[in-house]
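Data first, discussion second: the structure below is written as structure tokens.
The values are calculated or read from the model by the stated rules, or taken from the named source; none is laboratory data. All values derive from a computational prediction rather than experimental measurement. Using ideal geometry, Cβ is built from the backbone for each residue, glycine included, and neighbour counts are taken over all protein chains shown.
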Amino acid sequence: MADSLIPVAPGFETPLDMLEACHGRLQGQLETLARLAAWLPGHGADAQARQAATAVMRYFDLAAVNHHMDEEDDLFPVLLERVDAARRGQLQALIDWILADHQRMFAAWAEMRGRLEAIARGEAAELTAEQVAGFAERYHAHIAREEGELLPYARELLTEQDVAVLGESMTARRRQPPAG
């Protein structure tokens, strides 16, 4: 990325940077959850709390799902095609862990979403700092492995054509209307 005084978000022409930037946006949503947990005891499910809960749900229901699909449907298969036999087992073990963790994250999100739905409706709901911290911890560990292990594989193994195809697929996925 070129040096600039104005921060420029990566686009789909740099899909690996885009995947990493998604982690940054996810961190922002986790911070919103922490602020919401701190806000609720003094303010209840007021307009700001309802707005925050709705925004977090929208992010996790759309962007986070797309991110997982980008990895599972597009990135993982091509990485496994490109890796040499000597490192295939190591990469497969990492992908298996990520896939299993996606399921654990989905289950944790379903529980968190239930709390946020009530807040978004203006109802009293329990959302403690400890609950948010536990939820966030799973995501922090996941992001650390993806950025520390998976993305380096991708940057090493993917060809320019692979990167272009990944970017096109990510773009197409986001142009589809949301399911449901």
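Of the residues making up segment 123-145, those that are part of a helix (DSSP H, G or I) and out of contact with any His (no Cβ under 7 Å at 6 or more places or on another chain) number 16.
Listed here are the residues, each with its yes/no results for (1) in contact with an Asp or Glu (Cβ under 8 Å, 6 or more places away or on another chain); (2) basic (Lys, Arg); (3) closer than 24 Å to residue 175 by Cβ; (4) at pLDDT 95 or above.
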position: 64; (1), (2), (3), (4): no, no, yes, no
position: 72; (1), (2), (3), (4): no, no, yes, yes
position: 75; (1), (2), (3), (4): no, no, yes, yes
position: 81; (1), (2), (3), (4): no, no, no, yes
position: 85; (1), (2), (3), (4): no, no, no, yes
position: 90; (1), (2), (3), (4): no, no, no, yes
position: 93; (1), (2), (3), (4): no, no, no, yes
position: 99; (1), (2), (3), (4): yes, no, no, yes
position: 103; (1), (2), (3), (4): no, no, no, yes
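Residue 91 passes every criterion in (1) more than 30 Å from residue 157 (Cα to Cα); (2) crowded, with 19+ Cβ neighbours inside 10 Å apart from (1).
Go through (1) modelled with pLDDT of 95 or more; (2) closer than 15 Å to residue 143 by Cα one by one and return the number of the condition residue 41 breaks. All conditions pass for residue 41, except number (2). Residues that are under 13 Å from residue 119 (Cα atoms), surrounded by 14 or more Cβ atoms within 10 Å (Cβ to Cβ) and in contact with a helix residue (DSSP H, G or I) (Cβ under 7 Å, 6 or more places away or on another chain) do occur in segment 57-78. Within segment 86-101, the set of residues being free of Cβ contacts under 8 Å to residues at least 40 places away in the same chain and either within 18 Å of residue 135 (Cβ to Cβ) or not in a helix (DSSP H, G or I) (or both) comprises just one member, 100. Within segment 162-172, one or more residues are part of a helix (DSSP H, G or I), under 20 Å from residue 58 (Cα atoms), of a type outside the set (A, V, I, L, M) and out of contact with any Ser or Thr (no Cβ under 8 Å at 6 or more places or on another chain). In segment 112-122, the condition of being outside any helix (DSSP H, G or I), at negative phi and not hydrophobic (A, V, I, L, M, F, W, C) is met by at least one residue. You will find that of 123, 111, the residue that is closer than 27 Å to residue 49 by Cα and without any contact (Cβ under 8 Å) to a residue 60 or more places away in the chain is 111 and no other. Only one entry of 64, 37, 49, 55 meets the criterion of being small (Gly, Ala, Ser) and free of Cβ contacts under 8 Å to residues at least 40 places away in the same chain, and that entry is 55.
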